[in-house]
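One structure below.
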Amino acid sequence: MGKIRIIYETDIEFVQDNLLDWYKDYGRTFPWRNKSATNYELIISEVFLQRTKAETVSKFLPSFLKQYPSWKQLGEATEVELQEIIKPLGLYKQRGSRLYKLSQELKKRKGRFPKERNQVAEIPMMGQYITNAYELYVLKKKSPLLDVNMARLLERFFGERKLADIRQDPYLQTLAYQVVNIEKSKELNWAILDYASLICKKQKPNCSNCLIHSKCKFFNTKTV
DNA sequence: AATCCGGGGTA
DNA sequence: TACCCAGGATT
């Protein structure tokens, strides 16, 4: 018998309200959060953000976009060129090859993405996370940016996942969709990522100054 | 389900 | 020096 975990709607609203409020004052600003960001810029940013600090990507992105402003220019780049230019970000051989495959696919598609999630997910480099981001940003749907940050915050507050892989864990997936299922879904997604990165950190989380520790499972079961 | 990829920042 | 970073593909 697996333990049944009950998630209270009031607890979800507690998290939503407090983090959205916090975000107004302390949310981070990034190029890809700009209103003017194109779909191209959004997708490229997500590719760079994989296993890479947001601040690092933020600094790197402008020069890349200057060199490759759109899918059209990116489609002219060779695989090795892409590997070389993204070297400072790391994961450059694999990620460069995958970015190249993505660029060639969008060259074929004349820079246009399909509207259906299932078809988007067939495009190389469009895994679960980036497809969620595409839904959130482009299709304006209430999809979670369920990365290691959001997973850590949700797990500490509500309880740990059952499976090792975030992407395979039904509890975490369901919970994430529940939490961001509000009108200001995009802002809340960003709020959660920022809060997890700045307060609910991996190492030495700042629990004493946390706005939601009163109902946090991790905080309230810590042995002092 | 496990493993690989990686340079750069941080403690 | 060890650890971590807005995952995806392959085995």
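Between A:Arg33 and A:Gln104, what length in nm is gained on full extension when 0.36 nm per residue of separation is reduced by their alpha carbon distance? Don't skip to the answer; put the middle values down first.
Numbers: separation 71, 0.36 × 71 = 25.56 nm, distance 2.56 nm.
So the chain would gain 23.0 nm between A:Arg33 and A:Gln104.
Each Lys and Arg contributes +1 and each Asp and Glu -1, all at the Cβ; summed about the Cα centre of segment A:31-137, the dipole is approximately 100 debye. For segment A:138-224, how many pairs of lysine residues have a Cα-Cα distance under 23 Å, where the two are 8 or more positions apart or belong to different chains? Number of lysine pairs found: 23.
Pairs of Lys residues in segment A:31-137 that lie 8 or more places apart, or on two chains, and have C-alpha atoms under 16 angstrom apart add up to 8. Per-residue ellipticity at 222 nm, computed for chain A from helices alone with -39500 (n - 2.57) per DSSP H run of at least four residues, works out to -16500 deg cm²/dmol.
Compared with the direct C-alpha span, the chain from A:Ser70 to A:Arg117 gains 14.7 nm at full extension, assuming 0.36 nm per residue. Can you find, among A:Gln104, A:Met150, A:Met126, the residue farthest towards the positive end of the dipole of segment A:100-182? Put +1 on the C-beta of Lys and Arg, -1 on that of Asp and Glu. With unit charges placed on the Cβ atoms, the residue in question is A:Gln104. Spin-label model, A:Glu79/A:Val148: points 7 Å from Cα along the beta carbon direction are separated by 2.8 nm.
Summing +1 for each Lys or Arg and -1 for each Asp or Glu, what net charge is found among the other residues whose Cβ lies under 12 Å from the Cβ of A:Lys186? Spell out each step's value before the answer.
On the way: positive: A:Arg33, A:Lys35, A:Lys140, A:Lys141, A:Lys142, A:Lys184; negative: A:Glu135, A:Glu183, A:Glu187.
Around A:Lys186, the surrounding residues sum to +3.
Run the numbers on chain A and let me know its relative contact order in percent, using alpha-carbon pairs under 8 Å that are six or more apart. Intermediate values should be presented prior to the final figure.
Working: 217 pairs, mean separation 47.9, N = 224.
Answer for chain A is 21 percent.
The mean sequence separation of alpha-carbon pairs under 8 Å and at least six residues apart, normalised by the residue count of segment A:31-137, gives a relative contact order of 25 percent.
Taking the Cα centre of segment A:156-224 as reference, the dipole from Cβ charges on Lys and Arg (+1) and Asp and Glu (-1) amounts to some 260 debye. The residues packed around A:Lys141, meaning those with a beta-carbon under 13 Å from its beta-carbon, carry a net charge of +2 if Lys and Arg are +1 and Asp and Glu are -1. Which stretch or stretches of segment A:172-213 have amide N atoms under 14 Å from the point lying 7 Å from A:Leu163's Cα along the Cα→Cβ direction? Those under the cut-off are A:172-175.
If you stretched the chain out fully between A:Thr221 and A:Tyr26, how much longer would it get, using 0.36 nm times the residue separation minus the C-alpha to C-alpha distance? Spell out each step's value before the answer.
Numbers: separation 195, 0.36 × 195 = 70.20 nm, distance 2.74 nm.
Gain on extension, A:Thr221 to A:Tyr26, equals 67.5 nm.
When the Gaussian network model of chain A links Cα atoms closer than 10 Å, the mean-square fluctuations of A:Ala191, A:Ala54, A:Ala151 top out at A:Ala54.
Charge dipole of chain A (Cα centre as origin; +1 on each Lys and Arg Cβ, -1 on each Asp and Glu Cβ, all else neutral): 360 debye, rounded to the nearest 20.
Laboratory data are not the source of any read-out in this text; all were calculated from the coordinates shown. Please read all numbers here as calculations on a predicted model, not as lab measurements. Using ideal geometry, Cβ is built from the backbone for each residue, glycine included, and neighbour counts are taken over all protein chains shown.
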